[in-house]
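The structure under discussion appears below in the form of structure tokens.
Every number in this text was worked out from the coordinates using simple rules, so none of it is lab data. Owing to the predicted nature of the structure, the values given are computational and were not obtained by experimental measurement. Cβ placement follows ideal geometry from the backbone for every residue including glycine, while neighbour counts extend to all protein chains displayed.
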Amino acid sequence: MSAAVQRIAPLGRYPAYCRAGDFIHVSGMSARQADGSIAGVRHLPQGGVVFDAAHQTRVVIAKVEAALAQAGARLSDCVAVTAYLTDMADFQAYNAIYAEHFNGRAARTTVAVHQLPHPHMVVELTVVAYKPQAGEGA
């Protein structure tokens, strides 16, 4: 986990994760930064924007990793991952970064969505991890 990842308050009333027995459900994570900006966005001089799905994926995975660490788990404990992409043309870039971090054992679903909570967000992940609690067969 990167030391640069900091706890960012969610936009709504929900936790970064919740535990249900031995399962840890991580809420949807995006590339939103503490200052409200979105990582992986380059503003062009002529007024347009370019989105870097690979960079956003790296940031999102680091935030997922931080939430799991708070719960005493790691990415290798993930049993299910759901990815939301606003443009399936970004799948290859997202998938390359995903493969660097996940061990291939988690069930995965990747879907295209019309939009995410901010127009500059292009990747969001939710995960479920399995990590037995101490004293309960761990």
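Assorted remarks:
- Database remark: amide H of residue 33 closer than 5 angstrom to the amide H of 38, 39 (H placed geometrically; neighbours at sequence offset of 5 or more, or on other chains; Pro and chain starts carry no H).
- Each of the peptides 53-66, 98-111, 72-85 was scored by the mean count of other Cβ atoms within 10 Å over its residues; in descending order, highest first, they stand as 53-66, 72-85, 98-111.
- For residue 79, the residues 5 or more places off, or on other chains, whose built amide H falls under 5 Å of its own are 128, 129, 130.
- Computed over the chain, the per-residue total of -39500 (n - 2.57) for DSSP H runs of n ≥ 4 gives a 222 nm mean residue ellipticity of -7000 deg cm²/dmol, rounded to 500.
- Isotropically averaged projected area of the chain, using the convex hull of Cα atoms (one quarter of hull area), nm²: 9.1 nm²
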